[in-house]
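Quick note: the coordinates plus some simple rules give every number you see, no bench work behind them. No experiment lies behind these values; they were computed from the predicted model shown. Glycine also receives a Cβ, built like all others from the backbone with ideal geometry; neighbour counts cover every protein chain displayed.
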Amino acid sequence: MKIVTNIARAAAAAAAAFPRPSALAGLDLLASAVVIVDGTGHIVYANAAAENLLESSLKALSRQKLCSLFANPAELDNVIAQARAHKFSDLRQELALERAGREALHVHTIASALDEPSDNVLLELRETVQQMKLDREERLLDQSQVNKELIRNLAHEIKNPLGGIRGAAQLLEMELPPLHLQQLREYTQVIIKEADRLQTLVDRLLAPHRRPHIVGDVNIHEVLERVRSLMMAEFPSGLAIVRDYDASLPEFRGDKEQLIQTVLNIAHNAAQALAERIDAGDAQIVFKTRVARQVTLAKVRYNLALDLHIIDNGPGIPPQIRDRIFYPLVSGRDGGSGLGLTLAQTFVHQHMGVIECESRPGYTDFRILIPLP
């Protein structure tokens with residue numbers, strides 16, 4: 001942490017003395033969020049990690065006071081004031097910065113006064129939950145790989161006996177005595193129909209592994225508009241689907257049909273969870289796209305990534321299954337197959353991405369991160 005601090009301070013001091021665009025370029029390579037505030041508390045610089053952390057661009061942030069972004073600014077304001085007064089060479093503190101409508105931002109904060117200009121303060125903000133997120137993503141990837149192998153092997157083992165059971169039931173039906181044909185045929189039809197139902201389930205489990213990965217240029221907003229039209233056709237009233245798009249997002253190489261299925265599975269689950277709100281007429285799903293910078297996915301660092309959010313105002317995911325929602329056959333509603341999110345996760349992993357989920361009553365956010373060129 002000390003090395004990172006010294007690098008950031010040196011780069012920021014150089015930028016203050018020589019205000020060239022390239023002077024701050026090195027700070028964009030840091031994993032820590034770096035923010036420089038002036039004597040009035042306004043943001044004069046934020047690196048790429050800070051833009052991700054604060055969920056806004058430098059252009060938008062530069063018009064605001066850093067402390068005004070949070071509902072409890074007193075502690076952060078005090079840290080900045082103490083650093084500006086040179087009470088410490090660098091002041092380190094753990095802060096919980098509250099944000100309206102979202103979970104608090106828990107960060108390890110390092111504040112350092114700059115020599116030039118003398119009233120500027122450099123802040124490093126590192127999420128204390130970031131390492132936990134990386135560990136969780138790694139566990140999810142490992143678990144996904146284990147699930148994939150288990151499902152594939154199990155499905156193949158189930159297919160052969162199913163075919164035999166169905167065939168035997170059909171042969172038995174043909175041998176039934178005419179006198180009791182109608183009465184006994186009911187039982188053979190139960191066997192045949194249940195075998196067909198299990199065959200359909202097995203086919204769905206194997207679908208991601210059978211279908212070839214068809215790669216082409218993908219515009220994520222075309223994907224979202226396709227899903228939106230499908231959802232509005234199924235839920236014509238009571239559900240609003242809000243677009244919040246970043247038009248600057250570039251196209252990327254991917255499988256368009258897989259991505260449509262991924263977004264559709266998540267959005268359809270959300271709509272089913274919103275049943276009561278749809279009846280009341282105030283259900284909402286938000287499709288939000290942004291560019292994430294300097295992100296780590298599966299231990300690989302990417303300069304840019306698609307940051308797609310599918311947000312609903314439903315009741316939230318039950319706590320007892322929140323950590324298992326991507327496992328196969330785990331469902332939060334009666335009659336659910338528990339395969340929609342499993343397939344979505346598989347498709348996103350095939351694009352070298354990850355799916356994260358944050359949920360509480362009234363707010364559920366599925367976040368999809370996929371590397372961009």
Residues with amide H under 5 Å from that of LEU372, placed H, sequence gap 5 or more: LEU304, ALA305, LEU306
For the pairs LYS193/LYS256; LYS256/LYS288; LYS59/LYS288, flag any whose C-alpha to C-alpha distance is greater than 24 Å. LYS193/LYS256
Just tell me which aspartates and glutamates come within less than 12 Å, Cα to Cα, of LYS65; anything on the same chain fewer than 8 places away is out. ASP38, ASP77
Stretchable slack from ILE158 to ASP282, in nm (0.36 nm times residue separation minus alpha-carbon distance): 40.3 nm
Need the list of aspartates and glutamates near LYS159 for cross-linking: C-alpha distance under 20 angstrom, and skip anything on the same chain fewer than eight residues off. GLU149, GLU194, ASP196, ASP203
A correct Karplus calculation of ³J(HN,Hα) over segment 58-70, with 6.51 cos²θ - 1.76 cosθ + 1.60, θ = phi - 60°, whole Hz and x for Gly and Pro, returns 4, 4, 6, 5, 5, 9, 10, 7, 4, 5, 6, 6, 10
Label GLU75 and GLU225 with points 7 Å out from Cα along Cα→Cβ: what is the distance between them in nm? 4.5 nm
What aspartates and glutamates sit close enough to LYS299 to cross-link, taking a C-alpha to C-alpha distance under 16 Å and skipping anything fewer than 8 places away on the same chain? ASP135, GLU137, GLU138, ASP142, GLU356
When the scattering of segment 204-329 is computed by the Debye formula from its Cα atoms alone, each counted once and equally, what is log10 I(q)/I(0) at q = 0.19, 0.21 Å⁻¹? -1.26, -1.36
What residues have an amide H closer than 5 Å to that of GLY316, excluding those fewer than 5 places away on the same chain, when H is modeled at 1.01 Å from N in the peptide plane? GLY362, TYR363
Check CYS357: other-chain or 5+ apart residues with amide H under 5 Å from its amide H, H built from backbone geometry? ARG367
What nm distance separates the two modelled labels at ASP217 and LYS65, each placed 7 Å from Cα along Cα→Cβ? 4.7 nm
Tell me the label-point distance for the pair ALA31, ASP203, using the 7 Å Cα-to-Cβ offset, in nm and rounded to one decimal. 4.6 nm
